[in-house]
Amino acid sequence: MIIDTGHYRFRVSGAPEYCYSELSRMYGDSVNLSPEKPVDFQLDFTSTSWLRTLVRPQRVLNVDNQRIFNPIAKDKCLPSIEWGMNWCVASYDHTRLLIHSSVLVKNDKAIIFPAAQGSGKSTLATLLGLNGWHLYSDEMAIVDLNSATVSAVHRASSLKNQSIKVVHSQFPNAVFSRTTEGTQKGAIAHVQVHSRAEFDHFGPASVVAVACPKYVGGARTEILPLNQSQGFAQLVRNSFNYSTLGEQGFETLFKLVQGAEFFALRYSNVNEIGDFLETLV
Amino acid sequence: MLYSHIVIKTMPDRSGIVVFNRNTFTTQFIQNPFVEQLKADPVSGEVDWNWLQSQCGQNQDAHGFLSDLVDLGLVDGGSRDH
């Protein structure tokens, strides 16, 4: 199976059968798109031993024929495909500046949300992406080195633990993958936020704001402006390849920072944050 | 040019100075009173080293800024007069 995410094309092979049906539901028309084109990354599952095909079955995910990851139980392969795709891009694409963040766009203006795991950035981005915003990515901002604009990838959004219920309760008709329990991150499910047809209309967008979110249950909404030095430092800290790109990364980030406002967000009410973000675009 | 291995830029909001080291690919952030006086290229935001060095002899803030660069190991404190 080939998954075309826009900038990156992946071939998935050797996965348990259930993975293909789940990926087909998540990625729709991005599956096996333009099969004549080359793929960028090969994700291939292999068995670790004959015995392990029978007793507590497990597989190992290889990237371009290299064994990178530890073996995983057969019923936990689906999230590993998504994580493997993230790993490929973060490890190998040095033609763009990559920042660990989700990205939302409205009116061709982008807001990026750099934050550590567990901050709620994917939940926030998914809820808003299902409610009028364009979700360019729930995992990484892909920044053009010349224009400092961000571009979209067609990927499913990753949800963990309580976030799965939160998003499902508000958008019960959204397309969810099956939930994989007991991964290193807990329960994991993916949700399709945009169809391929919608994604095909997503062009490069200028970054107008950078918001560092922190979900705190029961907290009042607090919006703290940050200065550009603080914002620059946040982006450096969350970049996958800033130090690899050298001066080109520095120049790109400076260009991005010049046109952006910066905020730290502490919230529990997504609607209030959504209302604030609307004022930025 | 001396110190050509570092690039100095001021943030447009004057919140600080960012220094990129071309040798190590590291970035340092400096908050210093001299940020208010730094003359940067309006397009690139880059500070002209020749201008900066010319200020050091007569401007205490400029001298303090250069001291900050020395303290951070970004420039060699002993090489300025060479």
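The values are calculated or read from the model by the stated rules, or taken from the named source; none is laboratory data. Computed from a prediction, not measured in an experiment: that's the story for all the values here. Glycine also receives a Cβ, built like all others from the backbone with ideal geometry; neighbour counts cover every protein chain displayed.
If you take the residues of segment A:29-51 that are in contact (Cβ under 8 Å) with a residue 60 or more places away in the chain and outside any loop (DSSP other than H, G, I, E, B), which of them is surrounded by the fewest Cβ atoms within 10 Å (Cβ to Cβ)? Show your work before the answer.
Kept after step one, since they are in contact (Cβ under 8 Å) with a residue 60 or more places away in the chain, are these residues of segment A:29-51: A:29-30, A:33.
Cutting the leftovers down to outside any loop (DSSP other than H, G, I, E, B) gives us A:29-30.
Numbers: A:ASP29: 13, A:SER30: 24.
Per the criteria, the residue is A:ASP29.
Condition check ((1) without any contact (Cβ under 8 Å) to a residue 12 or more places away in the chain; (2) surrounded by fewer than 21 Cβ atoms within 10 Å (Cβ to Cβ); (3) of a type in the set (Val, Ile, Thr)) across all residues:
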{"site": "A:GLY132", "(1), (2), (3)": "no, yes, no"}
{"site": "A:GLU139", "(1), (2), (3)": "no, no, no"}
{"site": "A:LEU145", "(1), (2), (3)": "no, yes, no"}
{"site": "A:LYS165", "(1), (2), (3)": "yes, yes, no"}
{"site": "A:ASN173", "(1), (2), (3)": "yes, yes, no"}
{"site": "A:GLY182", "(1), (2), (3)": "no, yes, no"}
{"site": "A:PHE199", "(1), (2), (3)": "no, no, no"}
{"site": "A:ALA205", "(1), (2), (3)": "no, no, no"}
{"site": "A:THR221", "(1), (2), (3)": "no, yes, yes"}
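Out of the residues in segment A:80-115 that are within 13 Å of A:TRP133 (Cβ to Cβ) and in contact with a Lys or Arg (Cβ under 7 Å, 6 or more places away or on another chain), which is surrounded by the most Cβ atoms within 10 Å (Cβ to Cβ)? Steps first, answer last, please.
Initially, segment A:80-115 is screened for residues within 13 Å of A:TRP133 (Cβ to Cβ), giving A:102-113.
Among the residues that remain, those that are also in contact with a Lys or Arg (Cβ under 7 Å, 6 or more places away or on another chain) are: A:102, A:113.
Numbers: A:SER102: 30, A:PHE113: 28.
Of everything passing the filter in segment A:80-115, A:SER102 is surrounded by the most Cβ atoms within 10 Å (Cβ to Cβ).
The rows are residues; the columns are (1) hydroxyl-bearing (Ser, Thr, Tyr); (2) closer than 20 Å to A:SER158 by Cα; (3) at pLDDT below 95; (4) in contact with a helix residue (DSSP H, G or I) (Cβ under 6 Å, 6 or more places away or on another chain).
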| position | (1), (2), (3), (4) |
| --- | --- |
| A:ALA205 | no, no, no, no |
| A:ALA209 | no, no, no, no |
| A:GLY218 | no, no, yes, no |
| A:PRO225 | no, no, no, no |
| A:GLN234 | no, no, yes, no |
| A:GLY249 | no, no, no, yes |
| A:GLY259 | no, no, yes, no |
| A:PHE263 | no, no, no, no |
| A:ASN271 | no, no, yes, no |
Among the numbered conditions (1) surrounded by fewer than 16 Cβ atoms within 10 Å (Cβ to Cβ); (2) touching a Ser or Thr at 6+ places or on another chain (Cβ under 6 Å); (3) closer than 16 Å to A:SER229 by Cα, tell me where B:GLN31 comes up short. (2)
Determine, yes or no, whether B:VAL75 is under 26 Å from A:THR244 (Cα atoms) and at pLDDT below 80. yes
